[in-house]
Structure formats: C-alpha cells, structure tokens
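A.B. asks: This is the structure, below, for whatever I ask next.
We did not get these values from a lab; they are worked out from the coordinates using the rules stated. All figures in this text were calculated on a predicted structure; none of them were measured in a lab. Counting neighbours? That spans all protein chains shown, and the Cβs are built from the backbone with ideal geometry, glycine included.
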Amino acid sequence: MIADFRSLLLVPADSPARIAGALASGADALILDLDDMVASEHRSKARQAAANTLMRLRHNGDAPLLFVRISSLDSDQLNPDLAAVMGHGPDAIILPKARGGADVEQLATLLLAHETDHGLPAGSTRILPLVTDTGAAMFGLSTYAGCSPRLLAVAWSAEDLASDIGADDTREDNGDWSAPFAMARNLALYAAAHAGVPAIDTLFRDFGDRTGLRHEAMRAEADGFCAKIAVHPDQIGILNQVFTPHGEKLDRANVLIAAFAASPHATHVSIEGRVYDKAQWARAQLLVARARRGQS
C-alpha cells in the first residue's frame with residue numbers, strides 16, 4: 001500500500017450515522033476509532049461495530065482505506081481491540097501514545113500473530129503511529145527509522161500532548177500553534193523524513209472555519225506533510241484539494257519518474273544539473289499517486 005491518501009477522517013466506531021457520513025465524504029481513509037471518541041462503557045459495542053464495518057466494506061472497491069485506532073500498548077483494552085478487528089483485515093492500525101520504534105516493533109509482533117491466525121498475508125496490516133502524544137515521546141522520534149516495514153507514515157497530534165504536559169491551550173491568540181506544539185509538529189515532520197515515510201498533519205478542530213482549515217492545510221502541504229486528519233466530513237473537500245499535487249510540482253515529479261524509468265538500475269539521476277536519488281523518486285511516485293486519486 002502506497003500512502004497516497006490526502007485526507008483521513010476520524011469517526012467513532014460505534015456511530016453508524018457518522019460512519020455513513022464519512023463514507024459519503026470522499027475521504028481517502030476512514031479511521032474507525034476505538035479510543036478517545038468512544039466512552040468506556042461503549043467499548044465492546046464499538047469493537048463489534050468496527051468489525052461489522054470492516055466486514056461489510058472489505059471487498060468494496062469503492063470504499064476508502066480502512067484504518068482502526070486502537071488503545072495504547074500499555075492499555076488492558078489493546079488485546080480485545082485487536083481480537084475484534086484483525087480477522088477482517090484493516091489496512092492499517094493507528095497506534096496512539098507511541099513512544100518510539102520499539103512500540104511499532106512490539107505491535108508488529110502482535111499483528112503477525114493475528115495475521116497468521118486469520119490466514120492474512122504476513123505484513124499486510126500497516127502501522128501508523130501517533131508520535132507526539134506525550135512529552136516522553138519527543139525523545140523517541142529518531143527511532144522510527146528502520147523500525148519495521150509495516151510503518152506506513154507518522155502522524156502528530158496535540159490534544160493528548162497538551163494533557164500530558166499540562167498546557168492550558170495549544171494555540172496562540174492568532175490561531176498559530178504555541179511554541180511546544182509547533183516544536184512537536186516540526187519534530188514529527190523530521191522524524192517522518194528520517195524514517196523515509198510520509199508525515200500526516202493533525203486535525204483542525206473548528207470544522208466550521210473553512211478559511212482557517214484551508215490556511216493550515218496549505219501551510220502543512222508547503223512544509224512537507226502529505227495529508228491531514230479530519231474530524232468532520234465537511235473538511236474533506238478542502239483537504240483533498242489542497243493535498244492533490246498539481247502544476248509545476250507534479251510536472252517535476254513526472255520528469256523524475258521518467259528519468260529513473262529510463263535508467264532502471266541507477267541509484268541517482270541528473271536532471272538539468274541537479275542530482276536526484278531514490279528517496280526523491282519515491283516521493284515523486286507518491287505525488288503522482290495522490291494526483292491520480294484526485295482525478296478519479
């Protein structure tokens with residue numbers, strides 16, 4: 001699975017109405033949440049609902065990518081979460097409160113056991129960790145590089161981090177991220193680059209502020225994020241538009257892909273006096289895949 005998504009819509013797994021709205025939104029990926037958006041007394045119901053959704057949509061060619069956000073690794077809810085959904089082949093598991101590459105490796109071991117039990121291809125379930133949920137997580141951001149071939153992307157988030165460090169707010173009066181959260185955002189972007197995977201920008205909570213959402217998404221795209229998490233279907237159109245490559249950027253990507261196609265064994269190619277490597281080729285492929293999704 002190439003991480004060619006531009007928008008990931010987070011919905012509580014126990015809300016059929018919100019899932020129906022999400023499916024109609026045009027989101028590239030749907031995140032069925034078994035964690036923060038579900039009350040503890042509804043967790044069992046949410047697991048069954050997530051399993052039903054996966055079972056119903058798994059072989060639907062028009063369905064978005066299907067991700068599940070589970071409980072953290074140190075939660076007693078982790079194993080029941082995985083047991084409920086893994087038999088239905090989610091495309092990826094969202095891991096909250098990730099502390100570093102070792103957590104991804106630990107989850108990968110658990111996923112392999114479930115894949116074996118259910119006859120799924122080994123490694124078919126990817127992992128997308130939320131890498132800035134705690135202050136301690138900041139010190140593990142360099143360890144995602146090479147941790148597991150299951151690593152799909154990394155995403156940053158602010159709300160759990162605010163709680164962990166005791167922050168009263170995450171933003172300045174003008175809407176910009178305050179210093180601790182701007183740093184977390186930037187470090188997550190660097191961690192993704194170091195690991196060679198895409199970076200996912202966190203959600204924009206004020207879903208009624210379309211101007212603010214567009215501004216933040218455009219800034220994220222310019223900085224190097226490939227997608228953004230959404231909390232409302234109305235946000236999807238803007239995100240898909242902003243994160244669909246076009247114009248000169250897309251033209252350069254196509255030229256780079258063509259250059260490597262002409263020299264399939266090369267590790268580097270030169271275009272107009274500039275050298276490009278395989279990592280940039282992979283990024284170009286991602287850009288073209290996202291552009292094609294935008295045209296479909």
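A.B. asks: Of Ser75, Pro264, Gln48, which is farthest along the charge dipole of the chain in the positive direction, counting Lys and Arg as +1 and Asp and Glu as -1 at C-beta?
C.D. replies: Value: Pro264.
A.B. asks: Give the lysines reachable from Lys249 as a straight Cα distance under 24 Å; neighbours fewer than 8 places away on the same chain don't count.
C.D. replies: Leaving aside lysines fewer than 8 places away in the same chain, those within reach of Lys249 are Lys228, Lys278.
A.B. asks: Using Cβ contacts closer than 10 Å as the measure, can you line up Tyr190, Tyr276, Tyr144 from fewest to most?
C.D. replies: By the 10 Å Cβ count, ascending: Tyr190, Tyr276, Tyr144.
A.B. asks: Right, something else. Would you please give the residues with an amide H less than 5 Å from that of Trp177, counting only those at least 5 places away or on a separate chain, with H modeled from the backbone geometry?
C.D. replies: Glu172
A.B. asks: Now for a separate question. Taking the Cα centre of the chain as origin and charging only Cβ (+1 Lys, Arg; -1 Asp, Glu), how large is the dipole, in debye to the nearest 20?
C.D. replies: 1040
A.B. asks: Short version: ³J(HN,Hα) in whole Hz for each residue of the stretch 129-137, in order, from phi by Karplus 6.51 cos²θ - 1.76 cosθ + 1.60 (θ = phi - 60°), x for Gly and Pro, what are they?
C.D. replies: Working through the residues one at a time gives x, 8, 9, 10, 6, 9, x, 4, 4 Hz.
A.B. asks: Could you give each residue of the stretch 81-97 its phi-based ³J(HN,Hα) in whole Hz, using Karplus coefficients 6.51, -1.76, 1.60 with θ = phi - 60°, and x for Gly or Pro?
C.D. replies: Running phi through 6.51 cos²θ - 1.76 cosθ + 1.60 with θ = phi - 60° gives 4, 5, 4, 6, 10, 5, x, 10, x, x, 5, 7, 10, 8, 9, x, 6 Hz.
A.B. asks: As a test, work out the antiparallel percent of DSSP beta bridges whose residues both lie in the chain, rounded to the nearest 5.
C.D. replies: The antiparallel fraction comes to roughly 15 percent.
A.B. asks: Using the Cα centre of the stretch 248-295 as the reference point, and only Cβ charges (+1 on K/R, -1 on D/E), how large is the resulting charge dipole? Debye, rounded to the nearest 20.
C.D. replies: 260
A.B. asks: Here's a follow-up. When only Cα pairs under 8 Å and 6 or more residues apart are kept, what is the percent relative contact order across the chain?
C.D. replies: 17
A.B. asks: Quick one: pull the percentage of alpha-carbon pairs in the stretch 1-152 with a separation above 18 Å.
C.D. replies: In whole percent, the long-distance tail amounts to 55.
A.B. asks: Place the peptides 237-247, 22-32 in order of packing, highest mean first, counting for every residue the other Cβ atoms within 10 Å and averaging per peptide.
C.D. replies: Taking the mean over residues of other Cβ atoms within 10 Å, the ranking is 22-32, 237-247.
A.B. asks: Relative contact order for the stretch 248-295: what percent, with Cα pairs under 8 Å and sequence separation of 6 or more?
C.D. replies: Relative contact order comes out at 41 percent.
A.B. asks: In the stretch 6-99, what trypsin sites (Lys or Arg not before Pro) fall in a loop by DSSP, with at most 16 other Cβ atoms inside 10 Å?
C.D. replies: When the trypsin sites (Lys or Arg not before Pro) of the stretch 6-99 are filtered for loop state and at most 16 Cβ neighbours within 10 Å, Arg58 remain.
A.B. asks: Additional query: In whole Å and largest first, what semi-axes does the C-alpha gyration tensor of the stretch 152-296 yield when each eigenvalue is scaled by 5 and square-rooted?
C.D. replies: 32, 18, 12
A.B. asks: Please give the Cα centre distance for the stretch 194-270 versus the stretch 1-78, rounded to the nearest Å.
C.D. replies: 23
A.B. asks: Per-residue HN-Hα couplings for the stretch 143-156, Karplus 6.51 cos²θ - 1.76 cosθ + 1.60 at θ = phi - 60°, whole Hz, x for Gly and Pro?
C.D. replies: Each residue of the stretch 143-156 in turn: 8, 6, 4, x, 6, 6, x, 6, 4, 8, 5, 10, 10, 10 Hz.
A.B. asks: Which whole number in µm²/s is D for the chain by Stokes-Einstein, with the Kirkwood Rh taken over Cα pairs at 10 °C and 1.306 mPa s?
C.D. replies: 81
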